[in-house]
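Trainee: Okay, handing you the structure first.
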Amino acid sequence: MVDIKSLRREELYNFIEEKGEKRYRADQLFSWMHEKLKESTDEMSNIPKSLKELIGREAEFITLKTVDCQVSSRDGTRKYLFALPDGNLIESVYMEYHDWSSICISSQAGCSMGCRFCASTLGGCKRSLTASEMLEQVYRVQRDSEKRLSNVVIMGSGEPLDNYDNLLRFLDILTDEKGFNLGERHITVSTCGLVPEIRRLADEKRAITLAVSLHAPNDEVRKKLMPVAERYSMKEIMDAVRYYYDKTGRRITFEYALSEGINDSLSHAEELSGLIKGMNCHVNLIPVNPVKERKLKGSSPSATAAFKSKLEKNGINVTIRREMGRDIDGACGQLRRKHLEADLHV
């Protein structure tokens, strides 16, 4: 069976023509799926019955089922729990600001990276998502919100660069001018620092933003928080990041989750400043959402402010990420984890 929603437009042309249909039918299908965001061929009014039946026999039309949707009473953030066709669960988060909106999607069901501050990795990675399953998160939230999504961030459960081929396929379809048509500059791809894949992505010369989950100023501290630090040193990551900037000209974002007593001292801020000084970059300081299975504690507001001030004094562009969805299991993997635990106790 062909996963028809994961086909790039040129691949859809080939599929349709191989079945004896006219090329323009592929354009119609592509528009129904990726521009009009229809959930089944039954909703496609200008597609002939014979083609609908062919798709029913020879293709999969992937859709997701909404299992849960929590809405924050503080800021309106929505945390979605979706079921994949095989029953695996994933999360997406919709955030609405004054004049724009953003969705954070998952790239894998679970995660194998093992970061100490993240609930996504508890239980490991079940599997990577297909392009259609990534697209469906965007489409379902778009339909639900009834507001054009301004930005897409691949920073939910999973390591996007560990699902490299499906990620590129997702990007190609999402940005296609005859489909959803989201500009690459409105897309951010996050990574915990898979060096070879950062370099591969750089060679694509796309206009997307690369966000590197750094969370430490040196290898010693990083190894306490992120097992991937055993594979790639800070020097290797910085070299790959500079390569990415040289190839794309895109400013780098460094994500830095502040954990009390681990990586939040002024000396850590000073060391971080020295590590990235002179780079065209931006540091996103993240107040850690508490995860009950982890002992890490988020830094206090005063320590966070002092860390930010030290970076600014050293000429580093930095912001403190606005906390959204704390009251609705907002951190990566929390809602999914809650449902999995509930199922175990049924």
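The values are calculated or read from the model by the stated rules, or taken from the named source; none is laboratory data. Predicted model, so just to flag it, every value in this text is computed and none were measured. Every residue, glycine as well, gets a Cβ built from its backbone with ideal geometry; the counts of neighbours run over all protein chains shown.
Trainee: Which members of the range 187-241 meet the condition of being closer than 26 Å to Ser102 by Cβ and charged (D, E, K, R)?
Mentor: Hits for the range 187-241 are Glu197, Arg200, Glu204, Lys205, Arg206.
Trainee: Checking the conditions here, which among Glu91, Glu136 is charged (D, E, K, R), assigned to a strand (DSSP E or B) and either in contact (Cβ under 8 Å) with a residue 60 or more places away in the chain or touching a Gly at 6+ places or on another chain (Cβ under 7 Å) (or both)?
Mentor: Glu91
Trainee: Can you say whether Glu177 is at pLDDT 95 or above, within 13 Å of the chain's Cα centre (by Cα) and over 30 Å from Pro217 (Cα atoms), as far as the supplied structure shows?
Mentor: no
Trainee: Still on this structure, I have one more. Report whether or not Ala202 is among the aliphatic types (A, V, I, L, M) and under 16 Å from the mean Cα position of the chain (by Cα).
Mentor: Judged against the criteria, Ala202 is not a match.
Trainee: Check the range 237-247 and report whether any residue there is in a loop (DSSP other than H, G, I, E, B) and either in the same structural domain as Leu167 (by TED's automatic domain parsing) or touching a Phe, Trp or Tyr at 6+ places or on another chain (Cβ under 7 Å) (or both).
Mentor: Scanning the range 237-247, I find no residue that is in a loop (DSSP other than H, G, I, E, B) and either in the same structural domain as Leu167 (by TED's automatic domain parsing) or touching a Phe, Trp or Tyr at 6+ places or on another chain (Cβ under 7 Å) (or both), so the answer is no.
Trainee: Go through (1) modelled with pLDDT of 95 or more; (2) touching a Phe, Trp or Tyr at 6+ places or on another chain (Cβ under 9 Å); (3) outside any strand (DSSP E or B) one by one and return the number of the condition Ala211 breaks.
Mentor: All conditions pass for Ala211, except number (3).
Trainee: Based on what the data block shows, is Ala109 touching a Gly at 6+ places or on another chain (Cβ under 8 Å) and in contact (Cβ under 8 Å) with a residue 12 or more places away in the chain?
Mentor: yes
Trainee: Yes or no: the range 77-87 includes at least one residue that is of a type in the set (Val, Ile, Thr), assigned to a strand (DSSP E or B) and in contact with a strand residue (DSSP E or B) (Cβ under 6 Å, 6 or more places away or on another chain).
Mentor: There is no residue in the range 77-87 that is of a type in the set (Val, Ile, Thr), assigned to a strand (DSSP E or B) and in contact with a strand residue (DSSP E or B) (Cβ under 6 Å, 6 or more places away or on another chain).
Trainee: I've got another one for you. Could you figure out which of (1) touching a residue at least 40 places away in the same chain (Cβ under 8 Å); (2) in a helix (DSSP H, G or I) isn't true of Gly193?
Mentor: (2)
Trainee: Here's a follow-up. Kindly check whether there is at least one residue in the range 57-80 that is polar (S, T, N, Q), surrounded by 20 or more Cβ atoms within 10 Å (Cβ to Cβ) and under 15 Å from the mean Cα position of the chain (by Cα).
Mentor: For the range 57-80, residues polar (S, T, N, Q), surrounded by 20 or more Cβ atoms within 10 Å (Cβ to Cβ) and under 15 Å from the mean Cα position of the chain (by Cα): absent.
Trainee: Then there's this: Any chance you could count how many residues in the range 304-316 are aliphatic (A, V, I, L, M) and either in contact with a strand residue (DSSP E or B) (Cβ under 7 Å, 6 or more places away or on another chain) or not in a helix (DSSP H, G or I) (or both)?
Mentor: The total comes to 2.
Trainee: Could you say whether any residue in the range 34-48 is buried (at least 17 other Cβ atoms within 10 Å of the Cβ) and either of a type in the set (Ser, Thr, Tyr) or within 17 Å of the chain's Cα centre (by Cα) (or both)?
Mentor: yes
Trainee: Is it fair to say Arg231 is within 21 Å of the chain's Cα centre (by Cα) and surrounded by fewer than 15 Cβ atoms within 10 Å (Cβ to Cβ)?
Mentor: no
Trainee: Separate question: If you go through the range 167-182 one residue at a time, how many are in a helix (DSSP H, G or I) and either more than 18 Å from Gly193 (Cα to Cα) or in contact with an Asp or Glu (Cβ under 6 Å, 6 or more places away or on another chain) (or both)?
Mentor: Number of matching residues: 6.
Trainee: Here's another thing I want to ask about it. Would you check if there is a residue in the range 281-301 being assigned to a helix (DSSP H, G or I), of a type in the set (A, V, I, L, M, F, W, C) and closer than 21 Å to Thr191 by Cβ?
Mentor: The answer is no, given that none of the residues of the range 281-301 is assigned to a helix (DSSP H, G or I), of a type in the set (A, V, I, L, M, F, W, C) and closer than 21 Å to Thr191 by Cβ.
Trainee: Could you list, in sequence order, all residues of the range 248-280 that are more than 30 Å from Glu184 (Cβ to Cβ) and assigned to a loop (DSSP other than H, G, I, E, B)?
Mentor: Glu260, Gly261, Ile262, Asn263, Asp264, Ser265
Trainee: Is it the case that the range 149-165 has a residue that's in contact with a strand residue (DSSP E or B) (Cβ under 7 Å, 6 or more places away or on another chain), more than 28 Å from His98 (Cα to Cα) and in a loop (DSSP other than H, G, I, E, B)?
Mentor: yes
Trainee: Look through the range 40-79, keep the residues that are of a type in the set (D, E, K, R) and in contact (Cβ under 8 Å) with a residue 40 or more places away in the chain, and return whichever of them is nearest to Glu146 (Cα to Cα).
Mentor: Arg78
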